[in-house]
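What follows is a short report on a single structure.
The values are calculated or read from the model by the stated rules, or taken from the named source; none is laboratory data. Predicted model only: the values in this text are computed from it and were never measured. In this analysis, Cβ positions are derived from the backbone assuming ideal geometry, glycine residues included, and neighbour counts consider all displayed protein chains.
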Amino acid sequence: MSRPLLRTSVALLAGTALAAPLALAAPATSEATNPYTVTALKITVQAGRRQCAVDADLYRPSGVNARHPAPAVVTTNGFGGSKSDSATAASAKAFATRGYVALAYSGLGFGKSGCPISLDDPQIDGMAARQLIDFLAGARRADNGTRVDYVTKDGKKDPRVGMIGGSYGGAVQLATAAVDHRVDALVPLITWNDLSYSLDPNNIGRTKGVSASVPGAYKYQWTNGFFLLGEAQGLVMPRLDRSRMGGAGCLHFVEAACGMKRLLDSGKYPDGRTEVVVAYARSVSPVSYLKSVKAPTLLVQGQDDTLFNLNEAVTTYRTLTAQGTDTKMIWQHWGHSGGMRKPVKGELNLAQGNLDTSYVGRRILAWFDRYLRHRKATGTGPVFAYYRDWVSKGPAYATSSGYPVGGEQRLFLSGDGKLVGSRGKVAAGSRTYRNKRVASSHSENSMAALRGLPDSAAFDTKGTYLGWTSEPVTGGPVDVVGVPRVTLKVASPKTERVQNSADAADKLVLFAKLYDVAPDGRKKLVHRLVAPARVPDVTRRFTVELPGIVHRFGPGHRLRFVVAASDSAYTGNRGVKPVTVTSTPEDTGVLELPVTQGTLR
């Protein structure tokens, strides 16, 4: 790639503001009435085997001193950002305005902070943040000698501190809390549970939450965009210090991350190298260290997110609650997809700083009020809340005392292409599709999703997919809230002949998804979400877990379930593999929907 083209690509990516909605705007003030002061600092940390300086800004509220200390909030950037971006700086300003000491810092490998990008590794990024907490405790000084003695403490070297941030700035909170139990409260937004699932998802054969034993379909568009942004940091931030240099052919990533990217690009799996790469992806992911996270955690995940979907938050929530960590979960509308467009009415718009006037904002304030200010009378809200984009009047968020909510409705895949409510309605029949050597289905252009640019409607090419459609909704809307599942049995003789080879790339790959079909026939892929699946054995029945959704099928609308051979945002099958699905009343596929209201027939 030429340097001019690279600069253009980086400018586009950098302008996405991966955490743009994570911008908390402080009220406008004159210099004379500024409610806080800001001090720019460098704090040298030991990050794994390297030593490097972290670039940070310390926000000190007016009136806060050693005799009148205040709790602290730490915030850092999403991938590609820095302490100065609209997310991180505005977050610090908002909390400083509300009386918290705030520390905004550029994550390792970003902004003017040193060290290569290490994907929020708890032993590198987490340990670096731990040393920043030492600074807030007054146990160490910044490079210019600055020392803090005005953060509330629960012990001699134990500052009362919470963390907030989104995406890359979300996972680092969990990584930090895993290695430093002094952290008192977390608010990770739109982040991951297992990077091996996020970047190469397999929605079959789950071994733990979203984690599967075999990689699925490489999410190459998202991965390439982030990798480009990371590698081009030298163009975004010229004159970087030498500690930023990566290894194994990468400019700005640690060697293991670089190797993971190369193997994903190769399409070879699984072999010994793949197992090492999967182990690395998981070692830097919450799935591997949540057992050590004890800090109360308010999870906020986006429904409009094809990068880190709701299933990842569900897995983190279940793991934390099962071990007794105080955890609550909110599903908001916006996520990484759609360019993290301006939040819709009723949602937290962090760019406007509407903490006090939005549901999620009030929940965040209450969370910190309870765990950082120790105001035990402050309620932290229901265990689970989710945004309903169909509500125009009244509360946009529905709440529940637990997750999951509602009941389960089962629909059966009929041989005539219908989704029916009972086995007795299943018509016997067989239908076949086959993949082409190029992608024949389209869910999204991930770079368009990231930038919020126009994208063509989702489509499937005739002959390369199978679909099953319900009857129109009657009598009232049907609300689906949660994670659908489908159990299937397929026949693919060509796959049978090669699926037991040493290379799992020979196994069948398919893509399951849900459409909403309007009365006029127009169809919409719900949040452009798909469930890639690498079938372990086509001679056996298997279950695919689809991405979680919150969606209303209105009167006259129909639900359409589709199995496609490919998707333009992912890698897929090696070689052409015809697939047949046969249905009989006694033996057919079953779609299970988490429904809170209404019935599909």
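How many residues are under 24 Å from Ala366 (Cβ atoms) and not hydrophobic (A, V, I, L, M, F, W, C) if we restrict to segment 181-224?
Taking segment 181-224 first, the residues under 24 Å from Ala366 (Cβ atoms) are 181-191.
If we keep only those that are not hydrophobic (A, V, I, L, M, F, W, C) as well, we get 181-182, 184, 188, 191.
Going through segment 181-224 one residue at a time, the tally reaches 5.
How do the pairs read when you match residues in segment 36-62 that are without any contact (Cβ under 8 Å) to a residue 60 or more places away in the chain and among the hydrophobic types (A, V, I, L, M, F, W, C) with residues anywhere that are surrounded by 15 or more Cβ atoms within 10 Å (Cβ to Cβ) and not in a loop (DSSP other than H, G, I, E, B), using Cβ under 6 Å and keeping only pairs 6 or more apart or on different chains?
Val38/Asp57; Val38/Tyr59; Ala40/Asp57
When you go through Gln323, Gln301, Gln332 one by one, which is the residue that is of a type in the set (S, T, N, Q), surrounded by fewer than 17 Cβ atoms within 10 Å (Cβ to Cβ) and under 26 Å from Val187 (Cα atoms)?
On the way: Gln301 fails: surrounded by fewer than 17 Cβ atoms within 10 Å (Cβ to Cβ); Gln332 fails: surrounded by fewer than 17 Cβ atoms within 10 Å (Cβ to Cβ).
Testing whether each residue is of a type in the set (S, T, N, Q), surrounded by fewer than 17 Cβ atoms within 10 Å (Cβ to Cβ) and under 26 Å from Val187 (Cα atoms) leaves just Gln323.
Select from segment 279-334 the residues that are within 16 Å of His527 (Cβ to Cβ) and part of a helix (DSSP H, G or I) and list them in ascending order. Explain how you work it out, then say what you get.
Filtering segment 279-334 down to residues within 16 Å of His527 (Cβ to Cβ) leaves 301-314, 331-334.
If the condition is that a residue be within 16 Å of His527 (Cβ to Cβ) and part of a helix (DSSP H, G or I), then Leu310, Asn311, Glu312, Ala313, Val314 are the ones that fit.
Can you confirm whether Val391 is aliphatic (A, V, I, L, M) and within 30 Å of Val563 (Cβ to Cβ)? It would help to see each step written out before you state the result.
Details: aliphatic (A, V, I, L, M): yes; within 30 Å of Val563 (Cβ to Cβ): no.
So Val391 does not fit the description; no.
What pairs come up if the first residue lies in segment 446-463 and is under 17 Å from Tyr220 (Cβ atoms) and in the same structural domain as Thr432 (by TED's automatic domain parsing), the second is of a type in the set (Asp, Glu) and in a loop (DSSP other than H, G, I, E, B), and their beta carbons are under 8 Å apart, counting only those six or more places apart or on different chains?
Ala448/Asp455; Ala449/Asp455; Asp455/Glu444
Within segment 15-63, which residues are surrounded by 20 or more Cβ atoms within 10 Å (Cβ to Cβ), in a loop (DSSP other than H, G, I, E, B) and modelled with pLDDT of 95 or more?
Once the filter is applied, which keeps residues that are surrounded by 20 or more Cβ atoms within 10 Å (Cβ to Cβ), in a loop (DSSP other than H, G, I, E, B) and modelled with pLDDT of 95 or more, segment 15-63 yields nothing.
So for segment 512-523 (the condition being among the β-branched types (Val, Ile, Thr), over 26 Å from the mean Cα position of the chain (by Cα) and part of a strand (DSSP E or B)), does at least one residue qualify?
As a first pass, look at segment 512-523 and keep what is among the β-branched types (Val, Ile, Thr): 517.
Within this subset, residues satisfying the condition of being over 26 Å from the mean Cα position of the chain (by Cα) are 517.
Retained after the next criterion (residues that are part of a strand (DSSP E or B)): 517.
Yes.
Answer yes if at least one residue in segment 101-111 is more than 26 Å from Val287 (Cβ to Cβ) and over 27 Å from the mean Cα position of the chain (by Cα), and no otherwise.
yes
So, in segment 111-160, how many residues would count as being charged (D, E, K, R), crowded, with 24+ Cβ neighbours inside 10 Å and closer than 11 Å to Ala47 by Cβ?
First, pick out the residues of segment 111-160 that are charged (D, E, K, R): 112, 120-121, 125, 130, 134, 140-141, 143, 147, 149, 153-154, 156-158, 160.
If we keep only those that are crowded, with 24+ Cβ neighbours inside 10 Å too, we end up with 120-121, 125, 160.
Restricting the remaining residues to those that are closer than 11 Å to Ala47 by Cβ gives 121, 125.
Going through segment 111-160 one residue at a time, the tally reaches 2.
Run down Thr539, Thr580 and say which single residue is over 30 Å from Tyr397 (Cβ atoms) and either touching an Asp or Glu at 6+ places or on another chain (Cβ under 7 Å) or free of Cβ contacts under 8 Å to residues at least 24 places away in the same chain (or both). Before you say what the answer is, go through the steps one by one.
Working: Thr580 fails: either touching an Asp or Glu at 6+ places or on another chain (Cβ under 7 Å) or free of Cβ contacts under 8 Å to residues at least 24 places away in the same chain (or both).
The unique qualifying residue is Thr539.
Cβ contacts < 9 Å: first residue within 16 Å of Glu444 (Cβ to Cβ), restricted to segment 217-239; second residue crowded, with 22+ Cβ neighbours inside 10 Å and among the acidic types (Asp, Glu), any location; separation 6+ or different chain. Result?
Qualifying pairs under 9 Å: Ala217/Asp200; Ala217/Asp567; Tyr218/Asp200; Lys219/Asp200; Gln221/Glu444; Thr223/Asp200.
Looking at segment 485-492, can you tell me whether even one residue there is outside the structural domain of Asp389 (by TED's automatic domain parsing) and in contact with a His (Cβ under 6 Å, 6 or more places away or on another chain)? Lay out the reasoning, then the answer.
Filtering segment 485-492 for residues outside the structural domain of Asp389 (by TED's automatic domain parsing) gives 485-492.
Keeping just the survivors that are in contact with a His (Cβ under 6 Å, 6 or more places away or on another chain) gives none.
Scanning segment 485-492 turns up no residue that is outside the structural domain of Asp389 (by TED's automatic domain parsing) and in contact with a His (Cβ under 6 Å, 6 or more places away or on another chain).
Just checking, does segment 260-280 include any residue being under 23 Å from Val483 (Cα atoms) and in contact with a Pro (Cβ under 8 Å, 6 or more places away or on another chain)? Can you show your working first?
Here is the first cut: in segment 260-280, the ones under 23 Å from Val483 (Cα atoms) are none.
Among the residues of segment 260-280, not one is under 23 Å from Val483 (Cα atoms) and in contact with a Pro (Cβ under 8 Å, 6 or more places away or on another chain), which makes the answer no.
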